[in-house]
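Peer 1: If you scroll down you'll find the structure; I have some questions about it.
Coordinate-derived values only; no laboratory data. As the structure is a computational prediction, the values presented were derived from the model and not from experiment. Methodologically, a virtual Cβ is constructed for each residue, glycine included, from the backbone with ideal geometry; neighbour enumeration extends over all protein chains shown.
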Amino acid sequence: MALRDDRPANLERREHILQVAKAVFAERGYLATTMDDIARAAGFTKPILYQFFESKATLYQEIIAHTGAVLVEKLRRAVTSVTTPRSKIESAFRVYFDMVVNDTDAFRLLFIHAHEGETATELRKIEVSIVGFLVPYIDPAIGHDYRRQLAAGIVGIAEGAAIVWLLQQEAKGWPRPAPDEAKRLAAHSATLAWGGLRAVHRE
């Protein structure tokens, strides 16, 4: 069983392992990465890793779960500062793509590598959370099941755009994104999503 220690030095070490592991997993994928790889990259021995994380799967799942929790919390904070449904959807896209562009390793894990075996369920949990977050901002006159379907479609737009952008960045050798890259991606996806929502009719 992994040991948990709340002393500052150990918390700092644990955070360092998480950050290094995120980068290694993002580069190599879950299946190709070993705990030895992560230990070497972090500058620790493998037994030290096991003091904090019981297994590679546990370490990976914590990174994915943390990324999802941070994303949903940022979405919640962003929509509180705007009032209309459209502005809330646009704000949500801005937050989403800001994380895609500025925490690329995490989103490479989510969208490029998170379908590998036992780790696939973590991505589904995040998707369900985001769908649930979006439902209240879709016309309440539309049936609940239909609203969830539409929310899932919006998530699909965001994920699809993120995946293509990440693959394009990878093909180019991971150049530094333009300062307004997140804003541009968000604007394009929000326009597409809102145009689709306006065309929806009540069932």
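Peer 1: Taking 31 Å as the cut-off for C-alpha to C-alpha distance, list the pairs among LYS22/LYS172; LYS125/LYS183; LYS46/LYS183 that go past it.
Peer 2: Details: LYS22/LYS172 21 Å; LYS125/LYS183 26 Å; LYS46/LYS183 41 Å.
Flagged as over cut-off: LYS46/LYS183.
Peer 1: A further question follows. Taking 0.36 nm per residue of sequence separation and subtracting the Cα-Cα distance, how much length would be gained by fully extending the chain between GLU15 and ARG198, in nm to one decimal?
Peer 2: Going from the current span to full extension adds 61.5 nm.
Peer 1: Measure nothing but the geometry: give the 0 to 90° angle between the long axis through the Cα atoms of 56-79 and the longest principal axis through the Cα atoms of the chain, rounded to 10°.
Peer 2: Approximately 30 degrees, to the nearest ten.
Peer 1: Using the per-residue mean of other Cβ atoms lying within 10 Å as a proxy for protection, in what order, highest first, do the peptides 55-68, 75-88 fall?
Peer 2: Peptide ranking by packing, descending: 55-68, 75-88.
Peer 1: Binning every alpha carbon pair distance of region 57-198 at 10 Å from zero, what are the percents per bin?
Peer 2: Result returned by the calculation: 11, 43, 35, 11, 1.
Peer 1: Now for a different question. Gain in length, GLU54 to ARG184, computed as 0.36 nm per residue apart minus the alpha-carbon separation, to one decimal in nm?
Peer 2: Taking 0.36 nm per residue and subtracting the Cα distance, the gain is 42.7 nm.
Peer 1: Roughly how tilted is helix 144-171, in degrees to the nearest 10 and between 0 and 90, from the longest Cα axis of the chain?
Peer 2: It is inclined by approximately 50 degrees.
Peer 1: Any idea how far the Cα center of region 146-203 sits from the one of region 72-100, in Å?
Peer 2: First find each Cα centre; the distance between them is then 13 Å.
Peer 1: If you don't mind, another one. Given labels modelled 7 Å from the Cα in the Cβ direction, how far is it in nm from ALA69 to LEU167?
Peer 2: Computed distance between label sites ALA69 and LEU167 equals 3.2 nm.
Peer 1: So, one more: For the chain, set up a Gaussian network in which alpha carbons nearer than 10 Å are linked by springs, and say which option among ILE142, ILE126, ILE38 fluctuates the most.
Peer 2: ILE142
Peer 1: Expressed in nm to one decimal, what extension gain is obtained for the pair TRP174 and ALA41 from 0.36 nm per residue of sequence separation less their Cα-Cα distance?
Peer 2: Gain in length upon complete extension: 45.9 nm.
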